[in-house]
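**Student:** Mind having a look at this structure? Questions to follow.
The values are calculated or read from the model by the stated rules, or taken from the named source; none is laboratory data. Computed from a predicted model, the values in this text were never measured in an experiment. Ideal geometry is used to build each Cβ from the backbone, glycine not excepted, and the neighbour counts take in all protein chains shown.
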Amino acid sequence: MTARTTSVVCFGVFLLPLNYYVATFCLYLGHWFSHLPWSPLRNHHILSHHRLYPHSSDCLTTSFHMATGEHDSTKALLPWLLPPVALYGLMLPPILAVVSTVELTLATAVITWIHVQFHLIDSPFARWEWFLTARDRHAMHHDRDVNFAVADHIWDRAFGSFVEAPTDLLSRRGRWAGRRRTVGTLEKDREREAKPC
């Protein structure tokens with residue numbers, strides 16, 4: 001391995017946690033901004049994800065659904081990742097800009113995948129307490145404008161939008177398991193998707 005390759009690998013490893021927090025910050029900002037009543041991005045997010053999963057009692061489903069077209073939440077969140085990518089291109093050597101962009105993309109993909117798991121009844125993570133707690137915190141977001149981050153709530157805590165899930169919400173875990181036959185069936189998901197905005 002050459003000295004240059006070694007330094008790129010070292011910088012890439014050093015940049016990984018930084019890129020994770022850049023990704024979580026950008027997604028937090030985009031998510032928070034799309035909840036503001038006057039936000040031009042509000043319809044992309046609120047009329048998509050929050051229409052399909054309107055409140056905590058409707059958060060679980062057998063298969064995750066994304067809205068498409070005009071009401072695609074991606075349009076509200078991904079543009080917030082473009083400024084750091086542009087800064088990487090301007091401030092870092094080309095190879096590190098590419099490495100940082102790849103790391104930012106991977107962090108965003110993992111965060112998105114975790115978010116999908118929060119909405120799946122049979123998530124493989126549902127056996128762990130940390131996941132159930134994180135899922136309940138996310139479920140609160142579907143009732144109120146709090147907990148905009150997905151799992152790592154560092155930015156929610158920093159900006160005062162973090163709220164711990166109450167014990168009555170946490171105790172619903174057993175009821176969720178008992179309602180698998182009635183909540184989140186594919187038929188109900190399709191009915192909910194078909195409702196006009």
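**Student:** What do you reckon, is E164 farther than 21 Å from R51 by Cβ and surrounded by fewer than 13 Cβ atoms within 10 Å (Cβ to Cβ)?
**Tutor:** No: the conditions fail for E164.
**Student:** Another one. Give me the pairs: first residue in region 75-98 and of a type in the set (D, E, K, R), second residue not in a helix (DSSP H, G or I), beta-carbon distance under 8 Å, and six or more apart or on different chains, which are they?
**Tutor:** Qualifying pairs under 8 Å: K75/L41.
**Student:** So which residues in region 34-45 are outside any loop (DSSP other than H, G, I, E, B) and surrounded by fewer than 19 Cβ atoms within 10 Å (Cβ to Cβ), if there are any at all?
**Tutor:** Answer for region 34-45, where residues must be outside any loop (DSSP other than H, G, I, E, B) and surrounded by fewer than 19 Cβ atoms within 10 Å (Cβ to Cβ): R42, N43.
**Student:** Residues that are at pLDDT below 90, closer than 14 Å to S57 by Cα and under 22 Å from the mean Cα position of the chain (by Cα), at least 3 per element: which helices (runs of 4 or more DSSP H) completely within region 83-197 meet that?
**Tutor:** Passing ranges, in order: 129-141.
**Student:** Is it the case that some residue within region 106-115 is among the aromatic types (F, W, Y), free of Cβ contacts under 8 Å to residues at least 40 places away in the same chain, crowded, with 17+ Cβ neighbours inside 10 Å and within 17 Å of A23 (Cα to Cα)?
**Tutor:** No, because not a single residue in region 106-115 is among the aromatic types (F, W, Y), free of Cβ contacts under 8 Å to residues at least 40 places away in the same chain, crowded, with 17+ Cβ neighbours inside 10 Å and within 17 Å of A23 (Cα to Cα).
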